[in-house]
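Remarks on the structure that follows.
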Amino acid sequence: LLSKVSCFRGSMDYAVLKKVFPSPDLDKALLDLRKRGLLQYAGESQRYDMHPIVRHYAYDRLTITDRTGAHERLVDYFEAVPKPAKVNSLEDLTPVIELYHHCVQAGQYPYAYSIFNDRLNQFLYVESGEYTLCIELLEGLLQASKDSWDDNDPHAQSWVLNKLALCYNRTGKSYDAEKYFRKQIALREKMGYMPGVAIGLGNLSEVLI
């Protein structure tokens, strides 16, 4: 149970755990983990969380099959969560971010990209300037996908590289921004998409200055 709970990106509601991991012994098991200090519990909000070291250790104990299965189950759950009529805060996007996270971990990379592009980018990057969070999410996609998704969708990969470079530049990490702009330029040259190369060179020149 601890390993399955570690699949969540952050804290999680008791109601979600009860629905996603149904078991007559769930309450007893959760209480046991709390007594051992492996799960943290906020009674007023009924949310569970765990220390990052505990999360990392517990997650590593899952087999690849169990890990993928748990994330796929969570994709199904968060897909069914109603979309907010209007996004006013980062909290409103928590279910969408969880959906994105589980898509990445389940190997559903094109779907994860579309979620970020269509539902997260506007608020996180344009409206609220959550550049560090954007970096965390997009780096996770690049690290997880490696060659299995990138080669099949170079347009999406170049978009992710460009967005990462822009976010690193906004946070003052010029060397990281330069690295990703150069990767994006090289990929678009390979694609023969010269307008994208021109835009990338313009962005790169600003970083170098």
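The values are calculated or read from the model by the stated rules, or taken from the named source; none is laboratory data. Everything quoted here is computed from the prediction, not taken from an experiment. Please note: Cβ atoms are built from the backbone with ideal geometry, for glycine as well, and neighbour counts cover all protein chains shown. Accessible surface areas use protein heavy atoms only, side chains included; no ligands, DNA or RNA. Shrake-Rupley method; radii C 1.70, N 1.55, O 1.52, S 1.80 Å.
The figures follow:
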read-out: Residue within the stretch 98-106 that is charged (D, E, K, R), open to solvent by less than 20 Å² (accessible area, probe 1.4 Å) and either touching a helix residue (DSSP H, G or I) at 6+ places or on another chain (Cβ under 7 Å) or not in a helix (DSSP H, G or I) (or both) present; value: yes
read-out: Single match in Arg47, Arg9 (criterion: in contact with an Asp or Glu (Cβ under 7 Å, 6 or more places away or on another chain), in contact (Cβ under 8 Å) with a residue 40 or more places away in the chain and surrounded by 13 or more Cβ atoms within 10 Å (Cβ to Cβ)); value: Arg9
read-out: Residue satisfying all of: in the stretch 139-162; surrounded by fewer than 21 Cβ atoms within 10 Å (Cβ to Cβ) and either within 12 Å of the chain's Cα centre (by Cα) or modelled with pLDDT of 95 or more (or both); nearest to His101 (Cα to Cα) among these; value: Gly140
read-out: Residue check for Gln122: open to solvent by 10 Å² or more (accessible area, probe 1.4 Å), part of a helix (DSSP H, G or I) and not hydroxyl-bearing (Ser, Thr, Tyr); value: yes
read-out: Test: Glu189 is open to solvent by 20 Å² or more (accessible area, probe 1.4 Å), part of a helix (DSSP H, G or I) and at pLDDT 95 or above; value: no
read-out: Residues of the stretch 22-44 satisfying the condition of being without any contact (Cβ under 8 Å) to a residue 24 or more places away in the chain, assigned to a loop (DSSP other than H, G, I, E, B) and not acidic (Asp, Glu); value: Pro22, Ser23, Pro24, Arg36, Gly37, Gly43
read-out: Residue among Ala70, Ala29, Ala42 that is farther than 30 Å from Val126 by Cβ, touching a Lys or Arg at 6+ places or on another chain (Cβ under 6 Å), open to solvent by less than 70 Å² (accessible area, probe 1.4 Å) and not charged (D, E, K, R); value: Ala70
read-out: Lone unmet requirement of (1) loosely packed, with under 11 Cβ neighbours inside 10 Å; (2) touching a helix residue (DSSP H, G or I) at 6+ places or on another chain (Cβ under 8 Å) for Glu91; value: (2)
read-out: Residues located in the stretch 58-67, provided they are basic (Lys, Arg) and open to solvent by less than 70 Å² (accessible area, probe 1.4 Å); value: Arg67
read-out: Residue match in the stretch 168-182 (condition: more than 20 Å from Thr132 (Cα to Cα) and out of contact with any Ser or Thr (no Cβ under 9 Å at 6 or more places or on another chain)); value: yes
